[in-house]
Amino acid sequence: MRGAQLHQGTFTVTEVADAPPLAPHQIRIAVVACGICGSDLSMSKDPCRFVDVARGGGYPLATFDPDRPVVLGHEYAGIVSETGSAVDDFAVGDRVAGIGLATDTSTGIPTIIGYSNEYHGAFGDHVVVDSYWVRKVPDNLSLEHATLAEPLHVGEMHVQQSGLTSADSALVIGCGTIGLGAIVAAKAHGAQIVIASEPSPKRRELAKKMGADIVVDPTEQDPIEVWNRMVAEGSTLVGQAADGILIAYECSGRAGILGDLLHTMPFNSRIQVLAAPFADETIIPVVGQFRRISINFGHGPYENAYDITLQRLADGEIDAEAIITGRVGLDGVADAFTALRAPDEHVKILVLPGTQTDS
């Protein structure tokens, strides 16, 4: 197949070997579109560190040989082109999207497509994935827009895990696609107030569009000081929210942010980590004990987060086109990665391999 292959820090569009033959419960999908994820940016910047952290953390889903080529991309949507022998809920021609997981037939261990030397990602013609993680795309939703369900559902999943109630308020730090998903989810779950903190003007504008009540440029205002001042002044906007807690949804992945939050979040608050750096972090644990602040990296139950998000997109509750700020073919992948490393203008760039049309 044709794909944008990453090897030794360089993207090259070339012919690459197909993924292994289908297992009984797998399907092959002709890719129409795939979003570039923040994890792809981290991996492409330092593949060895990425793999070392995954391996050291006992996380086989993102463990591969960084000295061999990979084809990235797991935020996919496309058309079913082949089904395994045990698949009875999908047929060739179905329009689909989903979570990019495939069980390696040689080991029985699942892998994230693109973070594997054998199971290529969707910056190419085809992907092979386990059918369990795939969903049919509603007829009224384009496949390009359906790609957003994968990153946006992370926000829904973490809001559920955080235990947010209608008495609580949310502070969303970082308004890339995952942060925007957290804003949408927090509002849907009845958060009293949603404060968004983001240095990029483009992303602040989108945060407001997605439902944030207050949008702050952290280079000019500390969003926690804004919250504290509103509570102290008895702001009518805060109102009943002062009776709940403030939950921070950390979506920036900025180094040092956890230490900062432990020192500045209100007593008895929570920090929910949606995005995290791959470098070592230093915190003073006793500060969290002093202030009775809990940190959750993704523990806890959640239900139907992807399906809920896909339906929100289909129902028009999320302005998908506003989030998509660029589209490139395979030849434009390298430039797209460069643009996303300085995200003043972009939020989500889609890769369109160009081998299928959305019909």
To the nearest 20 debye, what charge dipole does the chain have about its Cα centre, counting +1 at the Cβ of each Lys and Arg and -1 at the Cβ of each Asp and Glu?
-> 520
Send over the per residue convex hull volume for the stretch 57-150, Cα only, as a whole number of Å³.
-> 106
Have a look at the stretch 16-60 and give its Rg and Dmax from the Cα atoms, expressed in angstrom.
-> 14.4, 35
How big is the charge dipole of the stretch 100-163 about its Cα centre, in debye rounded to the nearest 20, if each Lys and Arg gets +1 on its Cβ and each Asp and Glu gets -1 on its Cβ?
-> 140
When the chain is treated as a Gaussian network with springs between alpha carbons less than 10 Å apart, the largest mean-square fluctuation among A255, A314, A19 is found at A255
How long is the stretch 1-97 along each principal axis, judged by its Cα atoms, biggest number first, in Å?
-> 40, 31, 23
For the chain, set up a Gaussian network in which alpha carbons nearer than 10 Å are linked by springs, and say which option among V159, V273, V92 fluctuates the most.
-> V92
Projected convex hull area of the stretch 173-310, Cα atoms, direction-averaged, in nm², equals 8.9
Multiply the residue gap between A86 and I284 by 0.36 nm, knock off their C-alpha separation, and tell me the result in nm, one decimal place.
-> 66.1 nm
So the number of lysine pairs in the chain with alpha-carbon atoms under 21 angstrom apart, 8 or more residues apart or on different chains, is 7
Separation of the stretch 1-25 and the stretch 110-130 by C-alpha centroid, Å?
-> 8
According to the Kirkwood expression over distinct Cα-Cα pairs, how big is the hydrodynamic radius of the stretch 138-235, in Å?
-> 13.9
Output for the chain (equivalent-ellipsoid semi-axes, sqrt of 5λ from the C-alpha gyration tensor, Å, descending) is 36, 22, 19
Kirkwood Rh for the stretch 241-359 from C-alpha pairs, in Å, is 17.9
Could you give the accessible area per residue of the chain, probe 1.4 Å, as a whole number in Å²?
-> 42
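The values are calculated or read from the model by the stated rules, or taken from the named source; none is laboratory data. The shown structure was predicted, so the numbers you read here are calculated from the model rather than taken from an experiment. Because the Cβ atoms are built from the backbone with ideal geometry, glycine has one as well, and the counts that use them run over all protein chains shown. SASA here: full protein model, heavy atoms, side chains in, ligands and nucleic acids out. Shrake-Rupley method; radii C 1.70, N 1.55, O 1.52, S 1.80 Å.
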